[in-house]
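Asker: Structure in structure tokens, see below.
The values are calculated or read from the model by the stated rules, or taken from the named source; none is laboratory data. In this text the structure is predicted, and so the values were computed from the model without any measurement. Glycine gets a Cβ as well: all are built from the backbone with ideal geometry, and neighbour counts include every protein chain shown. Ligands, DNA and RNA are stripped out before the accessible areas are found, and what is left, the full protein with its side chains, is counted by its heavy atoms. Shrake-Rupley method; radii C 1.70, N 1.55, O 1.52, S 1.80 Å.
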Amino acid sequence: MTEKNKGNDDSDDQTLIQPIESIDPLESKNSPALLAISGPHLGRSFYIDKDEFLVGRVDSCDLTVVDDLVSRHHCKILLTPDGAQLVDLASTNGTLLNGRRVDRVFLKEGDQVQVGSQSIFKYHMQEEVEKKFLGELFQAATKDFLTNVYNKKYFLDRLSNEFFYTQRHNGKLSVLVIDIDHFKKINDTYGHLTGDIALQKVAHHLTSHTRKDDMVARFGGEEFVILMRDCDLEQARVLAEHLRDEISKLSLQSQSNQKTFQLTVSIGVSCLSEATQKEFVKFESLLQHADNQLYKAKSEGRNRVCA
């Protein structure tokens, strides 16, 4: 399967992950933050960097929680001169503070805010150095080091959540599985360093040519995957064809002998919709169908899309 990164900068051959800049603890400042201690965002810290911080189910929220029991605009945190206030926005299932439903209340260090069935966030004042450290921990747990796109485990967790949410709401959810053609030959001919650069370029291109809310991940080896909410089969096929065509125009240079060469990819597409709910009863079946379409594309000559 496949991982995706945004990018069409053909000159960007460097590893995408950069080291953390050193921070002087004496100069660090405390900032309010929500640390996920339960739910799909487990381990991730959300810095509250505005006077009105919105939590809800829709993508426009500052903190998006995909859960049937979370309202579109569920609650918000207001930063006031007297402190931070948690305000419920007339949510259907309520906002819990330390296990009790609340409408409006001031937050204190260590308070636990729950929205939906499983997402719990710890409110605390976070130092800049701690913020950087937690961010790196989250990245290490969820990102692929070489390409800086999401890893397989995090992708599967997200796919599971998005699949059942889409199923319950009769929505649309598309998956692309992308494989670099003849990748072993690239490694054998030009060396593994060049192969790594090829992976980075493809990942960077994928992330920069997909929507902000699409999720690109490296599934393993030379395979990438893209998860696209609210995207039907035809839209996914068109995007896949565009990605395939643009990647075929990328030019790479061997690190060993300076020779240039081109890449191509094969892509399989599948989509969960009202029409396919009986066919895809588990998220694994949706992924498997896209994988089957990928192998069909490869068997038909590679450098093509099958949906």
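Residue-by-condition table, conditions (1) open to solvent by 10 Å² or more (accessible area, probe 1.4 Å); (2) touching a Ser or Thr at 6+ places or on another chain (Cβ under 8 Å); (3) over 23 Å from N148 (Cα atoms); (4) of a type in the set (G, A, S):
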position	(1), (2), (3), (4)
F219	yes, yes, no, no
V225	no, yes, no, no
S254	no, yes, no, yes
K278	yes, no, yes, no
S285	yes, no, yes, yes
Q293	yes, yes, yes, no
K298	yes, yes, yes, no
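The rows are residues; the columns are (1) in contact with a strand residue (DSSP E or B) (Cβ under 9 Å, 6 or more places away or on another chain); (2) open to solvent by 30 Å² or more (accessible area, probe 1.4 Å); (3) modelled with pLDDT of 95 or more.
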{"position": "H74", "(1), (2), (3)": "yes, no, yes"}
{"position": "G94", "(1), (2), (3)": "yes, no, yes"}
{"position": "L107", "(1), (2), (3)": "yes, no, yes"}
{"position": "Q114", "(1), (2), (3)": "yes, yes, yes"}
{"position": "F121", "(1), (2), (3)": "yes, no, yes"}
{"position": "Q126", "(1), (2), (3)": "yes, no, no"}
{"position": "T147", "(1), (2), (3)": "yes, no, yes"}
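Asker: Among the residues in region 166-186, are any under 20 Å from Q288 (Cβ atoms) and open to solvent by 40 Å² or more (accessible area, probe 1.4 Å)?
Answerer: yes
Asker: While we're on this one: Just checking, how many residues over region 256-270 are of a type outside the set (V, I, T) and open to solvent by 50 Å² or more (accessible area, probe 1.4 Å)?
Answerer: Qualifying residue count for the region: 5.
Asker: Quick one: would you say L243 is under 21 Å from the mean Cα position of the chain (by Cα), within 16 Å of S208 (Cα to Cα) and not basic (K, R)?
Answerer: Judged against the criteria, L243 is a match.
Asker: Moving to a separate point now. Which of the residues spanning region 229-245 are within 19 Å of Q167 (Cα to Cα), open to solvent by 30 Å² or more (accessible area, probe 1.4 Å) and in contact with a Cys (Cβ under 8 Å, 6 or more places away or on another chain)?
Answerer: Residues satisfying the conditions are D232, L233.
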